[in-house]
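Q: My questions will all concern the structure given below.
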Amino acid sequence: MSDSPLRIVPNQPVEPDDPENADSMEAAIDQDEMAELRQLLVGQEQVQLNNILERLNNPRIRAREMSRLLSEAVKLRAARDDSLTEALAPTVVTAFHSSVKKDPRPLAEAISPLMGPAIRRAISTALNAMIQAFDQALKHSFSRQGLKWRVESWRTGKAFAEVVLLRTLVYRVEQVFLIHKQSGLLLQHIAASSVETQDADIVSGMLTAIQEANRNFARDSFGSTQNEHIGTLDLGDREVWFEPSAQAALAVVIRGKAPESLRSDFFAPAIEAIQYEQRETLESFDGDATPFELSRPHLESCLLSKYEGKTDLAKFKIPLYIWLLLALIIAAIGAWAFFAWRESRRWDDYLNKLRAQPGIVITEEGERGGKLFVAGLRDPLAADPETILKEQTPLDPADVISRWEPYQALAPQLVLARAKTLLGPPPSVDLKFEQGKLSAEGAASHQWIADAQRLARFVHGVTEFDDARLIDEDLKELSNQIEQQVIRFILGSVQVAPGQSQTMKDLTDQIQRLVALSPAAGRVARIEIIGHTDTEGDENANQRLSDERSARILSALTAGGVSKDNFLIRGAASKEPVRPETSASDKELNRSVSFKISLLAPGKAASRLQQSKEPGR
Amino acid sequence: MIQKKICLLGAFAVGKTSLVARFVKSIYSDQYITTVGVKVDKKTVSVNGQEINLIVWDLAGEDEFQKVRMSYLSGASGYLLVADGTRRDTIETARMLRQRVNEHIGAIPFIFIINKADLTSEWEIDDQVIAECEGQGWTVIKASAKTGEGVEEAFAKLAEKIYRK
């Protein structure tokens with residue numbers, strides 16, 4: 001259409017080429033007359049023409065007029081050919097795309113009433129087929145015949161369920177053709193699942209040709225004038241049933257022997273319904289089978305089948321031996337589960353026992369090659385896991401693999417055990433270990449004590465050795481010997497009674513040994529020299545006498561080479577008699593000096609010294 | 001897809017069956033023609049970019065003992081009329097068949113195929129006869145079942161005629 005509106009050019013007065021006045025005047029008069037004449041002759045038409053022009057040039061008026069004609073025009077054009085459809089198709093497709101892109105819901109809502117039933121139908125058909133195959137397969141799985149069919153399935157490569165269906169089949173509608181009666185063209189075709197089909201278009205034509213041949217035969221042979229049609233075409237293991245209507249025909253391919261009632265109950269109603277619903281489409285059919293998609297539900301209603309003893313699961317009984325077998329399997333599984341559970345509990349118990357042991361650390365545990373497995377660190381002095389396994393658990397040691405790496409644990413029990421192993425204390429010594437300190441208590445030989453003091457610091461985990469309550473047996477013995485010595489004096493004198501020079505010599509030796517041995521046992525020996533008198537005479541004089549006697553022995557001993565620091569001297573007068581005075585010999589024994597030994601720890605020795613009288617004062 | 005039924009007609013042994021044998025999808029053996037009188041095949045052609053399924057009914061040939069059954073043409077959209085270039089009488093049979101089709105079915109589109117174009121030296125049909133046929137408005141195509149010459153063209157032309165109708 002042109003962009004410029006239509007324009008009618010009214011007859012303009014013609015300008016004469018010649019500018020002469022007379023001529024132009026004449027021409028002007030002619031023009032006026034012409035205009036008048038035209039007004040008289042075509043005035044009416046001129047008005048109409050202007051109206052038409054206005055309608056054509058006004059887009060709003062044109063749109064209004066076009067809207068009145070549009071639907072009619074579309075109908076007319078669509079009836080003539082497909083060009084309108086072709087022209088509109090791309091726009092419609094784009095519109096759909098754009099609508100879905102913008103918001104898919106309106107379109108989804110529009111088609112959901114169609115999609116729902118279609119999806120439901122598809123799902124239920126698939127489910128039915130599956131359930132049927134499953135039912136049949138289940139029922140025949142355990143029978144003797146079932147075994148035969150299993151062999152057949154294996155031999156032919158078909159699924160077992162498929163073989164069962166085929167063998168228990170009474171009948172099954174495999175395919176349904178909806179055929180245009182006049183041309184033999186295929187309008188619609190459906191097939192049951194897993195049915196092999198040939199090109200349905202060709203089969204449809206051939207079935208029609210066979211019908212036609214049959215009619216010709218009937219005419220030629222029996223002079224039949226009726227439009228005979230074949231009801232059933234027998235093809236051995238299959239039959240083709242024909243069910244015609246005025247313009248279409250159903251051809252139903254059935255495997256097996258179907259009851260005749262299917263024809264009146266299903267096939268005839270189906271073709272009648274199609275004929276009724278699609279009469280116009282059938283009449284105007286020109287090769288386009290698309291509208292006959294609508295007939296599919298009717299065709300699907302013809303996909304019938306029947307199998308022997310079909311699918312009554314309630315009546316289906318599983319043989320007794322299958323139940324027994326099942327019971328056995330369940331019992332075996334139960335027993336296995338119980339033993340596995342018990343074994344697992346015993347194992348956990350064993351592991352917990354090991355974990356409770358000091359000096360045992362489990363780093364890995366589980367199952368290996370069907371055996372129980374445990375690995376970790378073990379102090380050589382810790383309890384033996386093998387012994388625990390044998391004596392404290394019902395597990396079979398042969399079923400357990402153990403792997404222990406040695407290490408030294410710092411658990412107090414083990415430090416103590418290690419100390420005992422290393423120091424080997426005599427039974428009279430009690431060792432204790434607490435917070436890094438190893439304590440020894442009791443009596444031991446001088447040699448053992450000396451070794452223990454040296455070795456204790458080599459015990460892993462020991463930071464301190466406490467031997468304060470350890471008694472040196474050798475020193476004790478020596479002390480006892482010294483304490484039993486008594487040096488007697490002449491009556492009323494500080495003169496040592498005669499005949500005691502050997503005793504003095506022994507005493508000096510003993511004291512010298514005591515002083516020499518003490519440091520090795522971690523002791524300081526303190527020898528108290530106690531002066532005594534008998535009970536005769538003045539007690540003050542006795543006191544003085546006893547002081548002088550002890551001082552006398554001190555100087556004798558220091559003269560023998562023992563350091564003065566080891567001594568304390570004290571006069572006890574008659575208050576501490578060596579022996580209670582009951583006779584003259586007792587009195588004689590009480591005129592003497594006795595000794596008392598203290599073996600002190602070095603610190604304590606110093607403090608004791610402060611409290612007592614120092615020698616030589 | 002649009003489907004159209006077309007038929008193959010001609011005198012006995014003009015080579016109808018072999019003419020199309022290599023160009024159609026076939027699931028039936030040629031024996032069907034002698035037993036049933038018809039063999040149905042399928043051929044897909046494209047007209048103006050649109051695919052059309054031609055359902056081809058190959059009918060038993062006409063001779064003095066057996067007439068082509070016109071009832072087989074029921075519902076056909078067109079037909080291929082086949083003659084043998086080396087047998088002049090087959091042209092007559094073709095004319096006669098066309099006449100019968102017109103009487104029974106009506107003037108539906110057809111293509112006249114003169115077969116055995118590979119044996120032109122033995123032809124009994126001259127250009128004048130062909131010109132006569134064309135003069136009557138027939139579309140005449142020389143074809144050869146042996147070389148395949150003209151066969152596709154014949155199917156395509158027929159489909160076009162049917163489509164244009």
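The values are calculated or read from the model by the stated rules, or taken from the named source; none is laboratory data. Computed from a prediction, not measured in an experiment: that's the story for all the values here. With ideal geometry, Cβ positions are generated from the backbone for all residues, glycine too; neighbour counts draw on all protein chains shown.
Q: Just name the residue that is modelled with the lowest pLDDT out of those in region A:298-316 that are touching a strand residue (DSSP E or B) at 6+ places or on another chain (Cβ under 8 Å) and closer than 17 Å to A:S193 by Cα.
A: A:Y307
Q: What is the number of the single condition among (1) under 13 Å from A:H180 (Cβ atoms); (2) in contact with a strand residue (DSSP E or B) (Cβ under 6 Å, 6 or more places away or on another chain); (3) surrounded by fewer than 20 Cβ atoms within 10 Å (Cβ to Cβ) that A:F292 does not meet?
A: Result: A:F292 fails condition (3) only.
Q: For A:P358, only one of the following conditions fails: (1) modelled with pLDDT of 90 or more; (2) over 27 Å from A:V164 (Cβ atoms). What is its number?
A: All conditions are met except number (1).
Q: Sort out which residues of region A:570-600 are among the small types (G, A, S), buried (at least 16 other Cβ atoms within 10 Å of the Cβ) and not in a strand (DSSP E or B), and write them in order of number.
A: If the condition is that a residue be among the small types (G, A, S), buried (at least 16 other Cβ atoms within 10 Å of the Cβ) and not in a strand (DSSP E or B), then A:A572, A:A573, A:S574 are the ones that fit.
Q: Search region A:287-300 for residues that are in the same structural domain as A:A248 (by TED's automatic domain parsing) and more than 16 Å from B:K4 (Cα to Cα) and pair each with any residue that is hydrophobic (A, V, I, L, M, F, W, C) and outside any strand (DSSP E or B) when their beta-carbon atoms are under 7 Å apart and the residues are at least 6 apart or on different chains.
A: A:S295/A:I274; A:H298/A:A270; A:H298/A:A273; A:H298/A:I274; A:L299/A:A270
Q: For B:K5, which of the numbered conditions (1) under 16 Å from the mean Cα position of the chain (by Cα); (2) surrounded by fewer than 22 Cβ atoms within 10 Å (Cβ to Cβ) fails to hold?
A: (2)
Q: Right, here's the next one. Counting only residues that are more than 21 Å from B:K142 (Cα to Cα), more than 10 Å from chain A (Cβ to nearest Cβ) and among the aromatic types (F, W, Y), how many does region B:59-85 have?
A: Total meeting the criteria: 1.
Q: Here's something else I'd like to know. So, B:S46, is that one outside any loop (DSSP other than H, G, I, E, B), within 14 Å of chain A (Cβ to nearest Cβ) and surrounded by fewer than 19 Cβ atoms within 10 Å (Cβ to Cβ) or not?
A: Against the criterion (outside any loop (DSSP other than H, G, I, E, B), within 14 Å of chain A (Cβ to nearest Cβ) and surrounded by fewer than 19 Cβ atoms within 10 Å (Cβ to Cβ)), B:S46 does not qualify.
Q: Related question: Look through A:Q198, A:Q247 and report the one residue that is within 14 Å of chain B (Cβ to nearest Cβ), of a type in the set (S, T, N, Q), surrounded by fewer than 22 Cβ atoms within 10 Å (Cβ to Cβ) and farther than 29 Å from A:E280 by Cβ.
A: That would be A:Q198, the only listed residue that is within 14 Å of chain B (Cβ to nearest Cβ), of a type in the set (S, T, N, Q), surrounded by fewer than 22 Cβ atoms within 10 Å (Cβ to Cβ) and farther than 29 Å from A:E280 by Cβ.
Q: Let me ask something else. Quick one: would you say B:V20 is within 14 Å of another protein chain (Cβ to nearest Cβ), touching an Asp or Glu at 6+ places or on another chain (Cβ under 8 Å) and at pLDDT below 90?
A: Yes.
Q: Mind telling me which of the residues A:S261, A:S305, A:S284 ends up being loosely packed, with under 15 Cβ neighbours inside 10 Å, closer than 14 Å to A:V173 by Cα and of a type in the set (S, T, Y)?
A: From the options A:S261, A:S305, A:S284, the qualifying one is A:S261.
Q: Kindly list the number of the only condition in (1) more than 25 Å from B:H104 (Cα to Cα); (2) within 8 Å of chain A (Cβ to nearest Cβ); (3) acidic (D, E) that fails for B:E51.
A: Result: B:E51 fails condition (2) only.
Q: Taking interchain pairs and intrachain pairs at least six residues apart, which have beta carbon atoms under 7 angstrom, with the first residue in region A:173-184 and more than 7 Å from every other protein chain (Cβ to nearest Cβ) and in contact (Cβ under 8 Å) with a residue 24 or more places away in the chain and the second hydroxyl-bearing (S, T, Y) and in a strand (DSSP E or B)?
A: These pairs meet every condition: A:V173/A:S305.
Q: Kindly indicate the residue of region A:135-176 that is within 38 Å of the chain's Cα centre (by Cα) and over 30 Å from A:Q188 (Cα atoms) and also modelled with the highest pLDDT among those meeting that condition.
A: A:F160
Q: Continuing with this model, one more query. Being farther than 30 Å from A:S445 by Cβ, modelled with pLDDT of 85 or more and surrounded by fewer than 19 Cβ atoms within 10 Å (Cβ to Cβ): is that true of A:S550 here?
A: When the stated conditions are applied, A:S550 does not pass them.
Q: Of the numbered conditions (1) under 30 Å from A:L381 (Cβ atoms); (2) surrounded by fewer than 16 Cβ atoms within 10 Å (Cβ to Cβ), A:N480 fails exactly one; give the number of that condition.
A: Checking A:N480 against (1) under 30 Å from A:L381 (Cβ atoms); (2) surrounded by fewer than 16 Cβ atoms within 10 Å (Cβ to Cβ), the one that fails is (1).
Q: Between B:I33, B:I91, which is assigned to a helix (DSSP H, G or I) and more than 11 Å from every other protein chain (Cβ to nearest Cβ)?
A: Just a single option satisfies the conditions, and that option is B:I91.
Q: Run down B:V40, B:V56 and say which single residue is in contact with a Gly (Cβ under 7 Å, 6 or more places away or on another chain), surrounded by 19 or more Cβ atoms within 10 Å (Cβ to Cβ), within 12 Å of another protein chain (Cβ to nearest Cβ) and part of a strand (DSSP E or B).
A: Only one candidate qualifies: B:V40.
Q: When you go through B:K116, B:K142 one by one, which is the residue that is surrounded by 17 or more Cβ atoms within 10 Å (Cβ to Cβ) and on the phi > 0 side of the Ramachandran plot?
A: On inspection, the qualifying residue turns out to be B:K116.
Q: What residue, of A:L470, A:L491, A:L514, is at pLDDT below 90 and not assigned by TED's automatic domain parsing to the domain that holds A:L589?
A: Every option except A:L470 fails the conditions.
Q: Do you know which residues across region A:272-286 are touching a Ser or Thr at 6+ places or on another chain (Cβ under 9 Å), without any contact (Cβ under 8 Å) to a residue 40 or more places away in the chain and assigned to a helix (DSSP H, G or I)?
A: Scanning region A:272-286 gives A:E272, A:A273, A:Q275, A:Y276, A:E277.
Q: Can you tell me which condition A:V164 does not meet? The list is (1) hydrophobic (A, V, I, L, M, F, W, C); (2) closer than 28 Å to A:Q278 by Cα; (3) more than 13 Å from every other protein chain (Cβ to nearest Cβ); (4) crowded, with 20+ Cβ neighbours inside 10 Å, and all the others hold.
A: (2)
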